[in-house]
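The values are calculated or read from the model by the stated rules, or taken from the named source; none is laboratory data. Treat the numbers as computed from the prediction; the structure is a model and nothing was measured. With ideal geometry, Cβ positions are generated from the backbone for all residues, glycine too; neighbour counts draw on all protein chains shown. To get the accessible areas, we keep the full protein, side chains included, count just its heavy atoms, and leave off ligands, DNA and RNA. Shrake-Rupley method; radii C 1.70, N 1.55, O 1.52, S 1.80 Å.
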Amino acid sequence: MEHFLVDKSTGILKVDPNNVLDREVYNNYTIGIVVTKKDTKPKYVETKSFLTVNIKVIDIKDTPPNFKEDIYSGGLLLGDKNGKTIFVVEATDYDEDDEITFTISSDIHTSDSSLNSWVQKPFLMTQSNQIDQVTRIATANGTLTNNFDLEDSNMKGHFTFEIKATDLGNFCTC
């Protein structure tokens with residue numbers, strides 16, 4: 001019962017102010033309480049009552065999404081058409097019933113000037129969210145596709161950019 005205290009004078013069960021409840025650590029607690037009454041008249045009698053208290057910890061949106069991988073990379077070949085899947089990112093948010101949104105940063109860098117004309121919006125991101133029906137944990141997949149046809153054999157180099165995962169609490173993995 002390290003997270004809870006019973007006030008001995010009132011019998012009120014309280015959260016210990018020195019501990020924090022975190023649904024991502026423990027989502028519920030079951031506490032057994034034994035109440036003993038000693039009566040000395042007319043003779044010594046001790047009675048006990050048992051009480052089981054179930055506590056469900058309500059979630060707050062306090063945890064940012066986590067990407068499955070630290071770095072994602074992919075490539076395109078000459079002749080690849082607009083809409084080709086380059087890679088799929090995956091993120092999980094341990095807040096209950098959360099939703100993850102992926103965005104591509106506007107700060108896109110190129111390694112070669114032949115790519116500069118595509119810096120405005122070279123990629124698109126589509127996504128899907130799933131909520132586990134038992135744990136209520138959110139997982140999202142984001143599919144990165146190219147937004148241009150790769151027909152110019154003079155294009156070379158690579159793009160460097162960030163994909164951000166944001167949840168409903170506006171926590172961001174950037």
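General observations
- Subset of the range 57-111 [aliphatic (A, V, I, L, M), in contact (Cβ under 8 Å) with a residue 12 or more places away in the chain and under 18 Å from Ala165 (Cβ atoms)]: Ile86, Val88, Val89, Ala91, Ile100, Ile104, Ile108
- Selection of first residues in the range 1-27 that are within 21 Å of Asp95 (Cα to Cα) and of second residues that are among the basic types (Lys, Arg) and in a loop (DSSP other than H, G, I, E, B), restricted to Cβ pairs under 6 Å at least 6 apart or on distinct chains, gives an empty result.
- When residues of the range 135-157 are limited to those that are modelled with pLDDT of 90 or more and more than 15 Å from the chain's Cα centre (by Cα), the one nearest to Tyr94 (Cα to Cα): Thr143
- Number of the exception - Phe102 against (1) under 19 Å from Phe171 (Cβ atoms); (2) in contact with a Phe, Trp or Tyr (Cβ under 7 Å, 6 or more places away or on another chain): (2)
- Filter result (modelled with pLDDT of 90 or more, part of a loop (DSSP other than H, G, I, E, B) and open to solvent by 60 Å² or more (accessible area, probe 1.4 Å)) within the range 110-132: Ser111, Asp132
- Conditions (1) in a loop (DSSP other than H, G, I, E, B); (2) among the polar types (S, T, N, Q); (3) surrounded by 14 or more Cβ atoms within 10 Å (Cβ to Cβ): number failed by Ser73: (3)
- Among residues of the range 76-109 being within 18 Å of Asn147 (Cα to Cα), open to solvent by 40 Å² or more (accessible area, probe 1.4 Å) and β-branched (Val, Ile, Thr), the one that is farthest from the chain's Cα centre (by Cα) is Thr85.
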